[in-house]
1. Tell me yes or no: at least one residue of the range 350-363 is of a type in the set (Val, Ile, Thr), assigned to a helix (DSSP H, G or I), free of Cβ contacts under 8 Å to residues at least 24 places away in the same chain and surrounded by 13 or more Cβ atoms within 10 Å (Cβ to Cβ).
2. Applying the selection to the range 118-140, what residues are in a loop (DSSP other than H, G, I, E, B) and surrounded by fewer than 21 Cβ atoms within 10 Å (Cβ to Cβ)?
3. Pick out the one residue from CYS377, CYS424 that is assigned to a helix (DSSP H, G or I) and loosely packed, with under 12 Cβ neighbours inside 10 Å.
4. Residue by residue through the range 104-127, note down the ones that are aliphatic (A, V, I, L, M) and either under 27 Å from GLN31 (Cβ atoms) or under 29 Å from the mean Cα position of the chain (by Cα) (or both).
5. How about the range 226-314: which helices (runs of 4 or more DSSP H) wholly inside it have at least 1 residues that are of a type in the set (A, V, I, L, M, F, W, C) and over 25 Å from LEU334 (Cβ atoms)?
6. Looking at the range 8-42, which of its residues are free of Cβ contacts under 8 Å to residues at least 40 places away in the same chain, outside any loop (DSSP other than H, G, I, E, B) and over 35 Å from the mean Cα position of the chain (by Cα)?
7. GLU172 versus (1) assigned to a helix (DSSP H, G or I); (2) in the same structural domain as VAL409 (by TED's automatic domain parsing); (3) of a type outside the set (A, V, I, L, M): which is the lone unmet condition?
8. Inside the range 146-164, can you point out the residues that are out of contact with any Gly (no Cβ under 9 Å at 6 or more places or on another chain) and in a loop (DSSP other than H, G, I, E, B)?
Amino acid sequence: IHSHTKIHTLPLLCIFGTGDLGRSLGQRLLQTGYRVVYGSRRPQSCGPLPPGAQVRTGSPPFSSYLYEFKQRNYVFMHMNVSEQVFVDLSNNQKKDMYPDTNAEYLQRLVPGALVVKGLNTLSAWVLLNGPLAGKQVFLCGDSAEAKQAVRELATRLGLSVLDRGSLSAAREVEDFPLQLFPEWRLPLCIATGLTAFFFFYLLIRDIIYAYVEQDKDISFRIMVSLANKVFPIVSLIMLSLCYLPGVMAAILQLYRGTKYSRFPDWLDRWMLCRKQLGLLALALAFLHVLYTFIIPIRYAVRHKLISTVMKDNKSTPFYFDNTEAWATDSFFVLGIMGFFLYFLLGLTSLPSVGGSLSWREFTFVQSKLGHLTLIVCTAHGYIYGWNKFLKPSTYKWWTPPGYMLCLVVPSVVLVLKLLMVLPCVDRSLGRIRQGWERTGPEEGRASLRATTL
């Protein structure tokens with residue numbers, strides 16, 4: 001009896017819009033215990049609705065505004081609480097489609113109601129099939145009571161709510177679903193720029209050089225050999241770019257003597273996209289592994305192997321170089337270990353895995369194992385060219401190989417990190433991050449002030 005009474009004390013929700021989003025939202029609300037009524041101008045042709053829902057036309061709050069709402073393809077919800085609350089879930093097809101926002105337009109059509117913009121980042125598929133637990137949604141509105149009612153509804157659905165303020169923020173909230181991977185733009189630009197640079201750089205050094213200086217046409221190497229050089233180069237640089245901003249931030253804090261000054265905007269933006277940089281680095285490393293696997297079955301490799309065997313048949317025995325064997329095995333082992341650590345880092349970036357770790361465990365994996373991954377992969381690159389750095393023939397047209405260039409950034413990061421872990425530096429940095437501040441130019445003048453964040 002208590003459960004039955006609790007269900008029926010929930011607000012009556014009226015949903016205008018019987019499309020995919022309206023039907024999916026209504027089904028979720030019905031499963032949560034709400035009573036749902038649909039408003040439609042043509043209830044006889046609106047299609048199947050969730051079991052337990054009703055459909056009406058010509059009744060409040062739809063009677064006067066059905067046509068006007070339809071002009072902007074509204075999906076909105078009316079909550080029958082102490083006051084008229086309208087929740088605008090609508091989205092436009094592009095930014096600045098109308099001079100005013102849909103929420104503001106709705107407020108003008110129903111001046112006596114309390115309008116809340118929110119829940120518009122939910123798709124029909126997510127509502128119908130996907131898990132909602134922890135998914136973040138946004139709200140904005142001029143009435144604290146109305147936002148609280150919508151917040152309670154969202155919480156019952158398992159959603160995480162972020163209040164964006166008054167209804168004047170509706171433009172920002174309406175633009176969220178129109179963004180196309182905003183966190184990935186900078187990392188993708190970096191990956192694309194690095195890939196293009198090294199592709200054309202190696203194209204000139206390997207393919208064009210052989211054609212001009214040696215009169216050889218080896219353009220067939222562009223598809224596999226050249227690509228398999230570019231992928232690991234860009235992957236290693238992007239992995240090092242994940243840890244370079246952290247070192248730069250530490251140096252900046254040591255220089256300022258405080259942790260309470262904001263970082264420059266470019267450094268803030270860089271640090272916020274480290275996860276995306278790391279995932280793209282993992283993707284490129286994965287491509288490198290796949291390309292390496294297919295090398296033995298390539299026609300050019302098989303042809304070269306058969307020709308060598310036929311040429312050396314019954315000739316002088318093949319000389320076994322023990323040093324070269326050690327270098328080759330070490331190269332492959334470091335590559336395998338590096339990719340394994342890469343995979344662990346990518347795995348803990350998944351919300352389902354990272355959410356199960358404590359903050360200390362997550363920091364250990366992303367920081368300690370991350371730097372170990374950088375060390376192993378950098379050593380993998382150094383062993384690749386261990387006997388080529390001082391050979392003049394390595395520098396075609398006086399240009400260094402691509403793998404030498406890609407070792408510059410990770411080597412700088414590792415050297416700076418090594419300086420950061422020196423006891424004298426690490427102790428000073430630790431005190432700063434605990435709240436210590438340098439208050440004067442003298443080295444010894446300092447104060448420890450209690451600060452709440």
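The values are calculated or read from the model by the stated rules, or taken from the named source; none is laboratory data. Not measured: the values here are computed from a predicted model. Because the Cβ atoms are built from the backbone with ideal geometry, glycine has one as well, and the counts that use them run over all protein chains shown.
1. Taking every residue of the range 350-363 in turn, at least one turns out to be of a type in the set (Val, Ile, Thr), assigned to a helix (DSSP H, G or I), free of Cβ contacts under 8 Å to residues at least 24 places away in the same chain and surrounded by 13 or more Cβ atoms within 10 Å (Cβ to Cβ).
2. THR121, SER123, ASN129, GLY130, PRO131, LEU132, ALA133, GLY134, LYS135
3. Just one listed residue meets the conditions, CYS424.
4. LEU106, ALA113, LEU114, VAL115, VAL116, LEU119, LEU122, ALA124, VAL126, LEU127
5. Numbers: elements: 265-272, 274-294, 299-312.
Once the helices (runs of 4 or more DSSP H) in the range 226-314 are filtered for at least 1 residues that are of a type in the set (A, V, I, L, M, F, W, C) and over 25 Å from LEU334 (Cβ atoms), what remains is 265-272, 299-312.
6. The answer is HIS8, ARG35, VAL36, VAL37, TYR38, GLY39.
7. (2)
8. LEU157, the sole residue that qualifies.
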